[in-house]
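The values are calculated or read from the model by the stated rules, or taken from the named source; none is laboratory data. Remember, predicted model here, so these are calculated numbers, not experimental data. Neighbour counts are summed over all protein chains in view; Cβ atoms, including those assigned to glycine, are modelled from backbone coordinates with ideal geometry. Note: areas computed on protein heavy atoms with side chains; ligands, DNA, RNA excluded. Shrake-Rupley method; radii C 1.70, N 1.55, O 1.52, S 1.80 Å.
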Amino acid sequence: MAHEILIVDDEPDIRALIEGILTDEGYETRQAQNSDTALAAFRARRPALVILDVWLQNSRLDGLGILEALLREDRDLPVVMISGHGNIETAVQAIQNGAYDFIEKPFKSDRLLLIASRALEAARLKRENSELRLRAGAETELVGISQAMVQLRGAIEKVAPTGSRVLISGPAGAGKEVAARMIHARSRRAEGPFVALNCATLNPARFEEELFGVEAGTDPAAQPRRAGVLERAHNGTLLLDEVADMPIETQGKIVRALQEQGFERIGGATRVKVDVRVIATSNRDLQTEIAAGRFREDLFYRLAVVPLKVPALRERREDVPTLARHFVARSAETSGMPAREVAEDALAAMQAYEWPGNVRELRNLIDWLLIMAPGGAGDSIRADMLPPQVGAAAPAVLKLDRSSEIMTLPLREARELFERQYLEAQLLRFGGNISRTANFVGMERSALHRKLKFLGVHAEDRAATS
């Protein structure tokens, strides 16, 4: 999306000159001639960059005063100062006060464009670094080879560039926020902010403050204006995480804000215009919530323009090995610990587990194993190293104490018992996919079907995904 730049100068010719230079390069612009119009324009819709004259006639505040007011409300806003009466002292003071750079009139168009481009890029990098610090380890890719994940990634590739609102459903920890970040990263707003509001953890009394922000009090120094998430997400994406936990009275106000793409801050009368793409997530059935009177139907239809579903990990067990290896590599990279191979028996045990905490639980388990599992970097992580709740779900064929039972059986029965347990474990490992199981165990698909029928193993065949 085109960056919007606010030009503040008391001379109409200078404003028109700067506007012409910037619009020729694809930027959008607005103009202001004094401090009152500049601050009103800023508060109505946050620009990506401000180009601000130091000396302003017929203005309540000069450029340095406006700079101070702007940065008091948004400390990350890039501001470039310009002046025909500039000197080193003024430039130093402006930069010390938070300006990105200083340009002296008359200036060349190439220098103006270079400084503007650098200021916007610096602001983008600063925003990204801030987000990375706040959300260390945030994932932006959905990992998995299952048909469900292939289809979900395909749907995201289609919807991401459109700008449509998306409602992502699925159980807690399944990867709904990762899907939302993936949509943002592939959208035309990718260079804009990604702002997340966790509705499940927020105090109900603070919802509207967090959404809409708070207007400055009578003493702005004591009670400064505070931007809400809608304003901070301007030209970017706002994630309403677990939106079903939003109070019903707040839902009505967010409906209006989405419809009008604008709102008023708490305690204020100025209409703030924003351009925000909203993505919502929920681990509940919102149709059931609507029937129970806990969720507004009009909000549902505004959010669910494109509905997507992230399946539970137990519904895509064939993804467990891929995810486990992915998290091993990621944890080793971020923590500095050596990566370790996860042995096949451990992967089979993990695939048999129900994963009530979904992908988040698997990631935590991998972190725990890299820290606590016995052995060194060259030793594989085996099934007997898994915590009890995971190891208990392992297929019987992996449990070493079965040998005593087999030793009491005739050869034919012992062989059948082993084959039954072995094939049950492999079917579980490959999510019931007969073709992939047959390929792994080295049998023809039809032969495996006959063997399973003979052994009394029920298998619901699933289509191959790769």
- Task: Would you please state which residues of the range 231-249 a label at ILE266 would reach in this model, taking the label point 7 Å out along Cα→Cβ and a backbone N cut-off of under 17 Å?
- Result: 231-232, 246-249
- Task: Would you calculate the separation in nanometres between label points at ARG188 and ARG75, each defined as 7 Å from the Cα along the Cα-to-beta-carbon direction?
- Result: 3.4 nm
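Please list GLU416, GLU264 from largest to smallest accessible area, probe radius 1.4 Å, with all protein chains kept in place.
Numbers: GLU416 40, GLU264 85 Å².
Descending order: GLU264, GLU416.
Note the full-extension length gain between GLN57 and LEU411 as 0.36 nm times their separation in residues minus their Cα-Cα distance, in nm to one decimal. Please list the in-between numbers first.
Numbers: separation 354, 0.36 × 354 = 127.44 nm, distance 10.11 nm.
Length gained, GLN57 through LEU411: 117.3 nm.
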- Query: Which listed residue (LEU428, VAL305, GLY442) has the Cα farthest towards the positive end of the charge dipole for the chain, taking +1 on Lys and Arg C-beta and -1 on Asp and Glu C-beta about the Cα centre?
  - Reply: GLY442
- Over the range 198-336, give the accessible area per residue in Å² for a 1.4 Å probe, as an integer. 44 Å²
- Message: As a test question: what accessible area, to the nearest 10 Å², does SER331 have when a 1.4 Å probe is rolled over all protein chains in place?
- Response: 10 Å²
- Task: List, in order, the whole-Hz ³J(HN,Hα) value for each residue of the range 256-268 obtained from phi through the Karplus relation with A = 6.51, B = -1.76, C = 1.60 and θ = phi - 60°; use x for Gly and Pro.
- Result: 5, 5, 5, 5, 9, 6, x, 6, 10, 5, 4, x, x
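HIS326: net charge of surrounding residues, Cβ under 12 Å, Lys/Arg +1, Asp/Glu -1, itself excluded?
Details: positive: ARG325, ARG330, ARG363; negative: GLU139, GLU141, ASP319, GLU333.
Surrounding charge for HIS326 is -1.
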- With every protein chain in place, what's the accessible area of TYR100 (1.4 Å probe, Å², nearest 10)? 90 Å²
- Query: How far is the Cα center of the range 1-63 from the Cα center of the range 162-234, in Å?
  - Reply: 27 Å
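Nearest 5 percent is fine: what portion of the DSSP beta bridges confined to the chain is antiparallel? Intermediate values should be presented prior to the final figure.
Numbers: 4 of 40 bridges.
Given both bridge residues lie in the chain, the antiparallel proportion sits at roughly 10 percent.
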- Query: Percent of accessible area on the range 11-148 owned by carbon and sulfur, 1.4 Å probe?
  - Reply: 48 percent
- Taking alpha-carbon centroids only, the range 100-118 lies from the range 285-340 a number of Å equal to 45 Å
- Query: Each residue of the range 94-106 in turn: what ³J(HN,Hα) in whole Hz from Karplus with 6.51, -1.76, 1.60 and θ = phi - 60°, glycine and Pro shown as x?
  - Reply: 4, 5, 4, 7, x, 5, 6, 7, 9, 10, 9, 6, x
- Message: I'd like to know which of ALA94, ALA38, GLN57 lies farthest towards the positive end of the charge dipole of the range 29-100, counting +1 on Cβ of Lys and Arg and -1 on Cβ of Asp and Glu.
- Response: ALA38
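Can you count the Lys pairs in the chain with C-alpha separation below 21 Å, eight or more apart or on different chains? Mind dumping the intermediate values first?
Details: LYS158/LYS176; LYS158/LYS309; LYS176/LYS309; LYS253/LYS273.
Lysine pairs satisfying the spacing and distance rule in the chain number 4.
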- Item | Cut-off under 5 Å, modelled amide H: who pairs with ALA196 long-range | LEU239
